[in-house]
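Note sheet for the following structure.
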Amino acid sequence: MKDTALNYRNNTRTSRFVQNTVFTAAYQLTAMLMGFVTPRLMMLFYGSQVNGLIVSANEFLTYFRLVEAGLAAAVVYSLYKPLADKDYDAVSAIVSAARQFYNIAGWMFVGLTLILAVAYPLIVPVETINGNLMDYLSVFLLICAMGMSGALEFFTLSRYRVLLTADQRTFMISLASMSSLLLQTAVIVVLAYMKSNIILLRLAASLTIVIRPLILNGYVRKAYPQVNAFAKPNKAAMARRWDAMYQQFTTAFHQSAAIMLTTLITRDASMISVYGTYNMVTVGLWGILKMTTTGIYSGFGDLIIREQTEKFQKAYRDFEFLYLALTTVLFSVAAIMIVPFVVLYTDKITDANYSAPLIGVMVVLEAITDHGKMPMDLMITASGKFKETRHQCTAQVVAALALGCALGFWGLQTSMTMAIVGILAGIILSNILRTVLQLWFVPKYITHLPWQWTLKRILRMILQVTLIAGPFLAFNLLNINGFFKWITLAVPLCVYALAITLGFGWIFERESVRSLAGRAKFLFQHGK
């Protein structure tokens, strides 16, 4: 009976992994494609400075959403055991407590959005495509309209998301998010071509988020009839929320730090648009990497809770190898192709100079140093080690702020471009610091694997990126004059990068390569 139950859990975990991966892949590809549509429309119909305002404000609003991030991590961690034990009274008590805290977090988000809307017009002047300055009230209302979707998410959606995440059913979140995103993009395209007022456009786009809670509410009611979101709340289960919130706030800070510091240091909406366009590419690639991570920490958390140490270690070794290999392929090609892509993408947009090779290289390098530590980040979330890693988070934030500001202002003495390069250099150094701290903590207290393994993998990743991208960047080997030629060069470059990466893997990580091949075969045969 015990073996039968174990096999059932393994098959269920495998089935959900396949579902999560497929739907996440569909959503991330949709998000990447739709993410390329909207900025170009903003630049074409409303100007680079208005696009810079939207990019900048979105980063601040994304950061403000993290008032719930620690809560989400704490709720997901608290739900692992009662879901594994099928104790739905305990699940109901936790979900009910989460609902109350999410309402509080929602009002906090509203307050922060209003503060941003009041302050932003005083810091950054914004010109329309006609060369006229946007008045204070217009900028205020635009930011409020953009914040509407975040507020609605807190009050209607978040409690469903944490339950489905903890139970490894993130495929439904992807489905609901994809539906909302497609509708939102359609609304933006139609209203942009109608040359509607930008405030009306962003407000209409924000309201499309109502589709997500409608879909998820229906699914949760059907899948979890035993769960009562209005049961007596178990607030004690939220005890980790402040440590988790601090960890999530600081982890997410460096993801938004570049745009925030660019806004405050350059105070130039056009340069914000330039940086935002390059960053859009790496965000799209991050979406591809998320296909391998969505819900993954829930699976690892389940193994930790069940104390299946050997299985956990094997799964982590394989996951870390896979993640770093994908990072190598994606970002080595990005280092070569990002500048030609942005130049082609911004064709016919003349109110800003988007040809900025230094910014392109630094954006990719920042992404590489960030993703090199991502597997360790996920293990901290999976194990609930939020309090124990607060000092690491603090060190990274202080380093990013101090170095980003110092190098940013130093670069500003030369040019706006060098200011952004300086900011990114500071954030890269802070990423390296965080990686060193995690190399000490995660192997010792979570995975119980030799730290040298991870260090060697990260160093090999950097070497591989250098070997793949270095010659093309050093000798300017590519001449690209159209999207068709860009695609015909990008595809063989991806094959080349994959071959180099697999070659290194076969030489240095043969066991992991074989294990991943076995997992892929198993998923193909039993993933129904």
Residue (of Ala84, Pro492, Gln19) at the positive-pole extreme of the chain, dipole from beta-carbon charges
Ala84
Let me check I have the definition right: for the stretch 359-475, take the eigenvalues of the Cα gyration tensor, multiply each by 5, take square roots. What are those semi-axes in whole Å, largest first?
28, 20, 9
How large is ³J(HN,Hα) for each residue in the stretch 479-494, as worked out from phi by the Karplus curve 6.51 cos²θ - 1.76 cosθ + 1.60 (θ = phi - 60°), to whole Hz, x for Gly and Pro?
10, 10, 10, x, 5, 4, 5, 4, 5, 5, 8, 5, 4, x, 5, 5
Cα convex hull of the chain: how many Å³ per residue?
147 Å³
Here the stretch 19-27 yields Karplus 3J(HN,Hα) values (6.51, -1.76, 1.60; θ = phi - 60°; whole Hz; Gly and Pro given as x) of 4, 4, 5, 5, 6, 5, 4, 4, 5
When the charge dipole of the chain is computed with +1 on Lys and Arg Cβ and -1 on Asp and Glu Cβ about the Cα centre, the Cα farthest towards its positive end, among Ala352, Thr447, Gln392, belongs to Thr447
Vicinal HN-Hα couplings computed from phi for the stretch 29-35 (Karplus, 6.51 cos²θ - 1.76 cosθ + 1.60; Hz; Gly/Pro x)
5, 5, 4, 5, 5, 5, x
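Throw me the Rg/Rh for the stretch 278-368, computed over C-alpha atoms with Kirkwood Rh, two decimals. Write out the running numbers ahead of the final one.
On the way: Rg = 17.9 Å, Rh = 15.3 Å.
My calculation of the ratio gives 1.18.
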Eligible aspartates and glutamates near Lys81 by straight Cα distance, threshold 16 Å, same-chain separation 8 or greater
Asp89, Asp167, Asp302, Glu307
Over 28 Å between Cα atoms: which of Lys222/Lys311; Lys290/Lys387; Lys232/Lys314; Lys290/Lys521 fall into that group?
Lys222/Lys311; Lys232/Lys314
Pull up the cross-link candidates among the lysines for Lys195, meaning alpha carbon to alpha carbon under 30 Å and not fewer than 8 places away within one chain.
Lys348
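Taken together, the values in this text are just the output of simple stated rules run on the coordinates, not laboratory data. Model, not experiment: these values are computed from the prediction. Heads up, the Cβs are rebuilt from the backbone with ideal geometry, glycines too, and the neighbour counts pull from every protein chain shown.
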